[in-house]
Amino acid sequence: MPSKTPINSHWSFSQVSSPTWSDVKEEWTTCASFPTSVHVELRKQGRIPDPFKGLNEWDVQCELMGPGIQEADWTFKTTFEVTSSQLDEACADLVFEGLDTYCDISLNGKHLASTDNMFLSHRLGCKDHLKRGSNELVLRFRSPWVEAKREEKENGGPMQLWNGDSCRLYSRKAQYGWGWDWGPVMMTVGPWRPISLETYSHRLENVRIDSDLLPPSYTSGTLTASLDVSPPLPSAGGHKVHAVLRDQAGKTVKEQNLVFGKDKLDWKLDDVEGWYPRNYGKQPLYQLELTLQDKSGKEVASCKNRVAFRHARVVQEPLEGQEGTSFLFEVNGVRVFCGGSNWIPADSFLTEIEPQRYRKWVELLVRGNQNMLRVWGGGIYEDEVLYDTCDELGILVWQDFMFGCGLYPSYDKLNASIKVEAEQAVVRLRSHPSVVIFAGNNEDYQVAEALGVMDYNDNSGEYMHTKFPARQIYEVILPEVVGRLSNIHYHRSSPYGGKDSRDPTVGDIHQWNVWHGTQEPWANWDKLAGRFVSEFGMQGYPDMRTVETWDDDKTQLFPQSRVSVNHNKADGFERRLELYLMENFRHAFDMESYVYYTQIMQAECLAAAYRLWRREWRGKGKEYTAGALVWQINDCWPCVSWAIADYYLRPKPAFFSIARELTPYTVGMARKDVKKSRDEVTSAFFEITQEIELWGCNSTLEAKKAKVELVSFDLNEGEVDRRTLDVTLAPNSSTEIWKGAVPGQTVRTSSGQVPKPIVVQARLVDGNGGVLARYSNWPEPWKYLIFPDPKLRIEVNGDEVTLTCAKPIKGLVLDVEGEEVEWSDQAVDLFPGDEQRVVAKGLAGRKVKARYIGDGSA
């Protein structure tokens, strides 16, 4: 009988001698877990300190045995049992789902293979080397640092890059482990994905299933499937393939017997349910069972495959009234504004991420009203559970190939490995309905442009010997693989399009002129828009509980401490944080205050981006901005970064401010001063009026009738204006509602006249008076405001927290002593007469404390 036996026990490991370190004394130690890595095992045994604490990251670079972990050679070995019945099968394979990275594999003293690509799986026939009873499997891992340096020296030398060491460009190993501007240097070594023994007479391979939902009704679908058998079957064997499609309830939808090698599975299916992104429909998942039978009907081999029906495409069409073309995702005829996040690996030690932790991250996206996740190109092709969960919850996936921020080399040996890597990745991911795009790399064209080596006039298709040799990978190898093996859209880079990769009118852009670049005020997000903004961000400290894990020495608990600085890897972060803080806030420097002020800054900055860019989704033919993916949702260690939830899945206030901007209905405002001179020659005589624009967004596919309650409140004088506006929000677009002078504001005739501190709140309410959305627009910068005592009242009833005030409150963040609770909202603006309720799961009767701008802490 066919069998699959995990080889996951009795593993041990040791550092071993190498050309670099020849006199190593081997010390074999039992592994505490499997799959695993050297760092993980040494940490669990207490032989190295926790790399995430203090300055230990640097101490573990030089492990106690001599060289740093990444500069030593390591061997993992085990024994496993093989039975007579397993040996009776015609074939036996050792299957390695992932080896990190340079590994020599031997079985019972016989060399089977050598590997040099972390992203590849390997199936090695081993029937001739197996024996009944105990068998020894040995994995010798060569130093990734030494191997990468050797590859670099032998194949052209250092190439330029952002982040990490130049030799990483020659190594098909997760690039972030070499150090990034949000992550530590942790170059892992070891068997990082499962290993198993498979025995069989025949098995199904190269199974390809293509499904589609047919326009214009999107109620019928097509399903095709093809497969090979290994070893090949005799041509006259009379084998059949029994195919069964079942729905989620297990009900048979269609069933057919096909003659293997003659008949093709090519079905037209009526009344199938389409798969939609979240909030646009359901996510029904079918199952296709394929069973190979001999002429007597006996099962020879089988497989089960999850299937969904959806029609996805990237639309790049001319736009009304603006240059360039759209860059939007359409699913089953529905054009989708993509509000989401970028994803980096969720741990420096990948084997420590349990399946449930992946699921919690995707559930957090859903909780934040997001509908797209971009798997960034400096990490890994992620664990299957991530994509499965996105399928189940309706999260679209933008998948990069694993190249990031560098001028990668291109030579025959490397390209051959990359081609196999791409083939495996595409084959594994193509059946996931969530995956809607493959992108060739992250920011490599930006690097080439910055160095002046990108020649857009060269379309020869021969790039290996140019100054930008990796074009051979991104423009020749990868598009061929994606086109041959899938029906998924290929985009040669992120960002890419137009005159160059920063062209806002074509393709996608990474908008880093807030924080990096020209360090624009975030009020300028509307001027920094692109057709699809696939990266942008602002840093913010993590939860105070996370900060407290950085070190047991509490004297280091201040923002400028050596430990605090080591937990922020971004160059110049002190200058950038203080630039944006000082421009906008009065703030304090004790750690709790610094955490609060950087968090509220991040929340306000990122919410403004989503608010202003979603406004530019103006209807069909006017999709001037079709998506915004924040950098980033997660962290790989406890640190300060651009993440909107920290390493421990603790959401920052920015998570909630973004979630409000991505609800199905939103309301937004923008305020500006308009200066008009009396005539063309004077500079002394003018008038300054303060104007406001009001709009709403509706991501549903039906028009929405509602009212906008617009209230103006002078922080000194009280309410100065109240009005109600009837509105019909157009479906799947933004709608301009009103513009005019800020109610109650004076007209100034001198720059020395201070405008009144008027806060304007808009509430979008339905026909029953229910609040669909709210937003309050404040005079900026907030550092100029004198905040009155708001008379905040917090009432707690079980897990429900009721908030009221007598005067407006900006940036209200709630917390409790002890373990955190799960808040339904944070970074709240509160207005008189507008009671808000926040759910706090796990409150358990504890007192709720609050921070807000102008609370006296600064």
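The values are calculated or read from the model by the stated rules, or taken from the named source; none is laboratory data. Note that the coordinates shown come from a computational prediction; the quantities given were computed from them, not determined experimentally. Glycine also receives a Cβ, built like all others from the backbone with ideal geometry; neighbour counts cover every protein chain displayed.
General observations
- Verdict on residue 248 being in contact (Cβ under 8 Å) with a residue 12 or more places away in the chain, closer than 21 Å to residue 214 by Cα, of a type in the set (S, T, N, Q) and in a strand (DSSP E or B): no
- Some residue of region 776-791 being within 27 Å of residue 645 (Cα to Cα), in a strand (DSSP E or B), in contact with a strand residue (DSSP E or B) (Cβ under 7 Å, 6 or more places away or on another chain) and at pLDDT 95 or above: yes
- Candidates 780, 835, 820, 795, filtered to the one that is closer than 24 Å to residue 364 by Cα, acidic (Asp, Glu) and surrounded by fewer than 20 Cβ atoms within 10 Å (Cβ to Cβ): 820
- Among the candidates 208, 193, residue that is part of a loop (DSSP other than H, G, I, E, B), under 30 Å from the mean Cα position of the chain (by Cα), of a type in the set (D, E, K, R) and at pLDDT 95 or above: 193
- Some residue of region 603-618 being of a type outside the set (D, E, K, R), farther than 21 Å from residue 703 by Cα and in a strand (DSSP E or B): no
- Filtered residue count, region 525-556, keeping only those that are within 19 Å of residue 498 (Cβ to Cβ) and either within 21 Å of the chain's Cα centre (by Cα) or part of a loop (DSSP other than H, G, I, E, B) (or both): 8
- Unique residue being under 28 Å from residue 453 (Cα atoms), free of Cβ contacts under 8 Å to residues at least 60 places away in the same chain and not β-branched (Val, Ile, Thr) when the list is 400, 383, 412: 412
- Residues that are over 11 Å from residue 599 (Cβ atoms) and of a type in the set (S, T, N, Q) within region 635-662 comprise just one, 641.
- Residues in region 107-119 that are buried (at least 17 other Cβ atoms within 10 Å of the Cβ) and either over 37 Å from the mean Cα position of the chain (by Cα) or of a type in the set (Ser, Thr, Tyr) (or both): 107, 115.
- Meets criteria (modelled with pLDDT of 95 or more and either part of a strand (DSSP E or B) or in contact with a strand residue (DSSP E or B) (Cβ under 8 Å, 6 or more places away or on another chain) (or both)) for residue 734: yes
- Count of region 286-317 residues, restricted to those that are touching a strand residue (DSSP E or B) at 6+ places or on another chain (Cβ under 6 Å), farther than 24 Å from residue 237 by Cβ and not charged (D, E, K, R), is 9.
- The number of residues in region 91-106 that are surrounded by fewer than 21 Cβ atoms within 10 Å (Cβ to Cβ), part of a strand (DSSP E or B) and not polar (S, T, N, Q) comes to 5.
- Any pair with Cβ under 8 angstrom, 6 or more apart, that starts in region 127-138 at a residue that is more than 25 Å from residue 231 (Cα to Cα) and ends at one that is part of a strand (DSSP E or B) and hydroxyl-bearing (Ser, Thr, Tyr): 134/79; 136/78; 136/79; 138/75; 138/106
- Taking the criterion of being touching a helix residue (DSSP H, G or I) at 6+ places or on another chain (Cβ under 8 Å), under 18 Å from residue 549 (Cα atoms) and of a type in the set (Ser, Thr, Tyr), the residues of region 619-654 that qualify are 647, 648.
- The conditions of being farther than 23 Å from residue 590 by Cβ and in contact (Cβ under 8 Å) with a residue 24 or more places away in the chain are met by residue 808.
- Restricting the first member to region 100-119 and to residues that are without any contact (Cβ under 8 Å) to a residue 12 or more places away in the chain, and the second to residues that are surrounded by 20 or more Cβ atoms within 10 Å (Cβ to Cβ) and not in a strand (DSSP E or B), no beta-carbon pair is closer than 7 Å while six or more apart or on different chains.
- Test for residue 88: is it among the acidic types (Asp, Glu) and either at pLDDT below 95 or surrounded by fewer than 14 Cβ atoms within 10 Å (Cβ to Cβ) (or both): yes
- Out of 79, 36, 5, 20, sole residue that is assigned to a loop (DSSP other than H, G, I, E, B), surrounded by fewer than 19 Cβ atoms within 10 Å (Cβ to Cβ) and touching a residue at least 60 places away in the same chain (Cβ under 8 Å): 20
- Matching entry among 756, 705, 739, 675 (being more than 30 Å from residue 617 (Cα to Cα) and basic (Lys, Arg)): 756
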